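Report on the structure given below.
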């Protein structure tokens, strides 16, 4: 009887897993099959190439800025006593649960203010400009990057850095010679995931810069524009490009961290 109940429970779990695979995999399969067939006609199109180039450029810039901020922030959160730490963590993580269009609205209000006008006069326009795409991606991905960096740093025993301190190294030297080398693969993996996520950002970008062909047209924006003009083939081609990039990024990120997949983290009962 006990064995029967065990297999019944496992059967329910496996059925739920199968349904999840069908639902998620079905969405991926539709884009893969339909997008691949449309790719040849659109890949050399000037508009598609512009969207690819703009997406890669803005995602790279925003991801670099994310990690310039996330690495010292992650160090502070894991190695330095911070007053009101729970409040700080809530503030940093709050936007992870907000719709991205809300972040875009917030950015629009900020950069449409006198400060935004001053930035425009100084040669750094944001609203309805490619600079705004970087700012939108930064707002969306910075909390995510901080969380990944905190996870990476938390996996290193602080006693290793204390040993370095006993040998005469400063906290900065311990950070550079002990912590960063031990987290190198995890941080590279985190950067790739943040970059891939920035590549697909749409909601905040839509609110802050709008969508203008050959000006603020990223790959997600290209999908939206082409669907709205009933050019489904071009939309599917852009979606397929995003799918391929995401798949490659995830594969590289998992390889860097030595991930064996979800099954590798848990033993069979």
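The values are calculated or read from the model by the stated rules, or taken from the named source; none is laboratory data. All values reported here derive from a predicted model rather than from experimental measurement. Note that each Cβ is placed from the backbone with ideal geometry, even for glycine, and that neighbours are counted across all protein chains shown.
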Taking the options 223, 188, 245, 241, name whichever one is under 21 Å from residue 143 (Cβ atoms) and part of a helix (DSSP H, G or I). 188
Answer yes or no as to whether residue 234 is buried (at least 18 other Cβ atoms within 10 Å of the Cβ), modelled with pLDDT under 90 and either touching a strand residue (DSSP E or B) at 6+ places or on another chain (Cβ under 7 Å) or assigned to a helix (DSSP H, G or I) (or both). yes
If the requirement is being within 25 Å of the chain's Cα centre (by Cα), in a helix (DSSP H, G or I) and under 23 Å from residue 258 (Cα atoms), which of these qualifies: 145, 198, 136? 145
Can you tell me which of (1) part of a loop (DSSP other than H, G, I, E, B); (2) surrounded by fewer than 20 Cβ atoms within 10 Å (Cβ to Cβ) is the one residue 126 doesn't meet? (2)
Answer yes or no: is there a residue in segment 14-32 that is surrounded by 13 or more Cβ atoms within 10 Å (Cβ to Cβ), free of Cβ contacts under 8 Å to residues at least 60 places away in the same chain and in a helix (DSSP H, G or I). no
Six or more apart or on different chains, Cβ under 6 Å: which pairs go from a residue in segment 242-269 that's within 25 Å of residue 199 (Cα to Cα) to one that's in a loop (DSSP other than H, G, I, E, B) and at pLDDT 75 or above? Could you list them? 242/200
